[in-house]
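Everything below concerns the one structure shown next.
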Amino acid sequence: MKFTDAHVPFGLSWTSPFTRWQGPLAEVNSLDLAVDVTGRALADRGLPPQEITEWVLGCTVPQQFGFYGVTGVTRRLGAGDHGGPWVSRACATSVAVVEHLAAQVQLGAHTTTIGVVTDRTSNGPLMLWGSGRGPGGAPVSEHWVLDPMRLDPTTGQSMNDTAENTARDAGYTREQVDEVALLRYEQYRSALADDRAVQRAYMVPVRVPTRRGEEWVTEDHGVHPTTADGLARLRPVAPDGVVTHGAQTHPADGCAGVVVASAARARELGRDGVTAQVLATGFARAAPAYMPKAPVPAAMRALADAGVEVADLDVVTTHNPFAVNDLWFAEQTGFALERMNPYGSSLVYGHPQGPTGARALTELIHALHARGGGTGLFTGCAAGDSAGAVVVRVDG
């Protein structure tokens with residue numbers, strides 16, 4: 001979908017730290033997390049919540065009191081006159097949120113909108129459905145987080161299977177996969193230099209209530225140090241496979257936010273008047289059980305709508321639950337692996353599902369701004385062998 005008047009004001013997209021599941025955010029309701037982080041992010045940036053007239057909640061893991069959706073968030077933040085939809089599109093949720101907001105602005109329905117994207121994979125709900133025909137009336141159950149990782153009901157294969165299928169089809173070796181995993185870790189480490197100067201520009205700490213008061217989570221939690229020797233010692237998840245736990249992401253908890261506004265309003269709000277124009281979004285699907293391939297057609301669709309060629313791109317960020325994703329993207333597009341994900345990626349810092357894309361988009365905008373402007377792409381896969389992509393252009 002193409003847009004001509006939808007902009008992210010520079011500085012008005014952010015992320016919380018991502019914490020490995022069963023870590024410090026395991027007991028924090030993701031809606032409480034979103035209220036806490038969004039409220040302080042807006043206050044620090046001088047944007048009163050009541051001035052935002054369209055709100056979207058992106059959330060893929062149900063939480064207690066989640067039935068009320070975004071209205072429960074806006075009322076607690078002092079913007080109770082406004083609401084909006086709840087969007088859930090697996091790991092492509094952030095792209096769907098941005099697309100909805102950009103469309104609202106493009107149509108002139110709103111000038112200032114926001115996407116609040118949050119998820120907690122820790123302690124995901126165990127869903128029960130009554131079964132009158134089951135033995136003794138035993139319920140049908142599904143673990144909302146774990147079961148989909150193990151099985152796509154339309155293919156009978158797991159998430160890991162999709163990576164192995166893609167690697168086998170392309171002929172990737174274990175060494176190639178490990179090299180990408182190590183590259184992404186080294187890029188992530190570069191974002192920690194100078195007391196995390198890069199991350200502190202867009203990362204909002206989380207306040208965690210405790211019995212004794214409160215604690216603060218100020219940086220990502222659960223990132224494992226990665227070395228070539230350490231990767232080489234790991235066993236593949238599947239027999240005779242090439243993907244280890246070191247070359248795939250881990251579930252996580254976290255939230256992110258992104259404001260989308262008209263050009264005039266975005267220039268008022270953006271740091272130094274700088275904006276990131278949303279040029280286009282795109283969605284696509286790959287063949288069944290080949291999820292890591294999906295980001296390529298999604299990217300090509302968004303690029304075509306934006307009127308941008310791969311050769312025109314200055315930076316690419318990806319949601320890459322497997323190192324295989326980036327190998328396939330680089331091979332199919334010719335975009336160098338080294339020019340992707342300059343601040344690391346979800347392969348390293350984890351994957352809270354819904355907000356993962358919003359963090360990668362925020363990092364894309366900051367990377368473009370750091371180089372003096374340019375055109376960038378975020379693309380990432382999602383369950384069901386699907387993917388979403390966003391093309392942006394940052395002012396010089």
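The values are calculated or read from the model by the stated rules, or taken from the named source; none is laboratory data. Note that the coordinates shown come from a computational prediction; the quantities given were computed from them, not determined experimentally. We place every Cβ from the backbone using ideal geometry, glycine too, and count neighbours over all the protein chains shown. Heavy atoms of the whole protein, side chains included, go into the accessibility calculation; ligands, DNA and RNA do not. Shrake-Rupley method; radii C 1.70, N 1.55, O 1.52, S 1.80 Å.
Side notes on the structure shown:
- Looking at the range 294-396, the accessible area is 25 square angstrom per residue; that uses a 1.4 Å probe and ignores ligands, DNA and RNA.
- Taking every Cα-Cα distance in the chain and sorting them into 10 Å bins from zero, the calculated P(r) comes out as 5, 25, 35, 25, 9, 2, 0 percent.
- Computed with a 1.4 Å probe over protein heavy atoms only, the accessible surface of the range 1-120 comes to 37 Å² per residue.
- Overall form of the range 203-299 per C-alpha gyration tensor (a/c, 1.5; a/b vs b/c): oblate
- Cα centroid separation, the range 127-202 to the range 380-396 (Å): 18
- Longest exposed-site-free window of the chain, the sites being GluC sites (Glu not before Pro) in a DSSP loop that have at most 14 other C-beta atoms within 10 Å: 28-308
- Distant-in-sequence amide contacts of Gly83, defined by a placed amide H-H separation under 5 Å and a gap of 5 or more residues or a different chain, comprise Trp55.
- Between Met1 and Ser141, full extension at 0.36 nm per residue minus the direct alpha carbon distance yields a gain of 46.6 nm.
- In Hz, Karplus ³J(HN,Hα) per residue of the range 325-336 (6.51, -1.76, 1.60; θ = phi - 60°; x = Gly, Pro): 3, 6, 4, 5, 4, 4, 5, 7, 10, x, 7, 5
- Estimated purely from DSSP H runs of n ≥ 4, each contributing -39500 (n - 2.57), the mean residue ellipticity at 222 nm for the chain is -10000 deg cm²/dmol once divided by its residues.
- Using a Förster distance of 41 Å, the FRET efficiency for Glu338-Tyr68 (Cβ separation, nearest 0.05): 0.35
- For the range 109-126, 3J(HN,Hα) per residue [Karplus equation, 6.51 cos²θ - 1.76 cosθ + 1.60, θ = phi - 60°, Hz, x = Gly/Pro]: 6, 9, 9, 9, 10, 8, x, 10, 10, 8, 7, 10, 7, 4, 6, x, x, 9
- Inter-label distance, Arg168 to Ala197: 4.8 nm, where each label sits 7 Å from its Cα along the C-beta direction.
- Database remark: amide H of Gly222 closer than 5 angstrom to the amide H of Arg20 (H placed geometrically; neighbours at sequence offset of 5 or more, or on other chains; Pro and chain starts carry no H).
- Take the range 124-246 with all the other protein chains still there, run a 1.4 Å probe, and you get 63 Å² of accessible area per residue.
- Note on the range 194-258: with neighbouring protein chains present and a 1.4 Å probe, carbon and sulfur make up 48 percent of its accessible heavy-atom surface.
- Pairwise FRET efficiency - Ala264 versus Asp312, Cβ, R0 = 30 Å, nearest 0.05: 0.70
- Accessible-area order (highest first, 1.4 angstrom probe) of the listed residues Met340, Met300, Met159: Met300, Met159, Met340
- Close amide H pairs (under 5 Å, H built 1.01 Å from N) link Ala387 with Ala284, Ala382, residues at least 5 positions away or on another chain.
- One chain, two ends: Glu186 and His224. Fully extended at 0.36 nm per residue, the span grows by 12.5 nm beyond their Cα-Cα distance.
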